[in-house]
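Below is one structure; the comments refer to it alone.
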Ligand SMILES: [Zn+2]
């Protein structure tokens with residue numbers, strides 16, 4: 001699971017493009033097979049069998065750097081990565097609430113004073129740097145519905161005397177439908193990741209289903225194909241539930257992915273609509289560990305201890 005590709009001059013933190021290239025080369029040399037997430041789902045369903053040493057890459061959200069920087073690298077290695085896109089973001093109807101938090105903090109000088117749940121907290125008092133402050137604010141928002149998040153952001157912006165622009169600043173821009181059509185034509189996969197990136201478990205049942213279905217319909221209209229796999233926004237264990245798994249099944253998806261760390265166990269059909277993913281690592285050691293059985297053994301020990 002990847003998100004943004006680092007772009008230091010624009011201040012974008014993320015995965016390093018050269019390290020992605022190194023990783024794909026490393027896996028290729030060791031006879032790993034790059035497969036699509038759709039194939040992983042089909043394999044869990046018993047429809048196909050995957051070759052040994054199969055690995056699948058996913059890129060979430062739909063930012064411009066993903067199609068401009070990451071996509072060409074995947075193509076270089078014939079790796080059919082899956083790009084999960086938030087369709088309201090590509091349409092430029094919304095920009096990410098996570099980005100808005102980063103934007104807010106980037107616009108004010110320290111120390112920062114922000115209202116959390118009715119109380120005012122100061123950055124200095126909590127010994128937080130900007131990054132930690134951003135994480136704390138995002139965690140706060142992860143307990144809210146989309147409407148509540150937008151309201152809270154307006155409150156914080158007013159506290160900080162910052163105006164959140166309607167359109168995303170350059171650093172936070174989405175890719176375009178044209179580019180997504182292009183990369184799909186070149187063999188990469190594009191699948192839905194909600195319409196507004198709202199946290200489905202925080203929405204009503206009808207609203208949650210609408211989020212999934214609208215992104216599915218948008219992709220059908222824009223890319224002329226049926227979606228195979230859904231990706232839950234945010235995707236932690238608490239961000240979706242049986243209700244969303246049921247909706248994904250009823251809407252015809254072959255499976256769905258979460259952001260819970262782990263390997264997909266092909267023999268475990270019970271997790272077809274909550275397939276885990278590992279975050280793309282930062283170091284060669286971690287990549288090598290993910291590509292060996294070490295990580296699987298560690299996860300199984302952790303599960304048993306839990
Ligand atoms: Zn996301």
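Note: the chain, Cα convex hull, 146 Å³ per residue. Of all DSSP beta bridges confined to the chain, the antiparallel ones make up roughly 25%. Give me P(r) over segment 1-64, computed from all C-alpha to C-alpha distances, binned every 5 Å, as integer percentages. Result, from short to long distances: 4, 15, 20, 19, 17, 13, 8, 3, 2, 0 percent. Once C-alpha pairs closer than 8 Å and six or more residues apart are averaged by separation and normalised to the residue number of the chain, the relative contact order reads 18 percent.
Hey, could you get me the Stokes-Einstein D for segment 148-241, Kirkwood radius over alpha-carbon pairs, 4 °C and 1.567 mPa s, rounded to whole µm² s⁻¹? Here the translational diffusion coefficient equals 84 µm²/s. Residue ranges 196-202, 229-235 sort as 229-235, 196-202 when ordered by packing (mean number of other C-beta atoms within 10 Å per residue, highest first).
Take 99-106, 244-251 and order them by the average number of nearby Cβ atoms within 10 Å per residue, most first; the result is 99-106, 244-251. When you restrict to C-alpha pairs under 8 Å that are six or more residues apart and normalise by the size of segment 210-260, the relative contact order lands at 40 percent.
Before rounding to the nearest 500, sum -39500 (n - 2.57) across all DSSP H runs of length at least 4 in the chain and divide by the residue total; then give [θ] at 222 nm in deg cm²/dmol. After summing the helix terms and dividing by residue count, I get -12000 deg cm²/dmol.
No value in this document is a laboratory result; all are computed from the given coordinates. As the structure is a prediction and not an experimental result, all values here were calculated from the model. All Cβ positions, glycine included, derive from the backbone under ideal geometry; neighbour counts span all protein chains shown.
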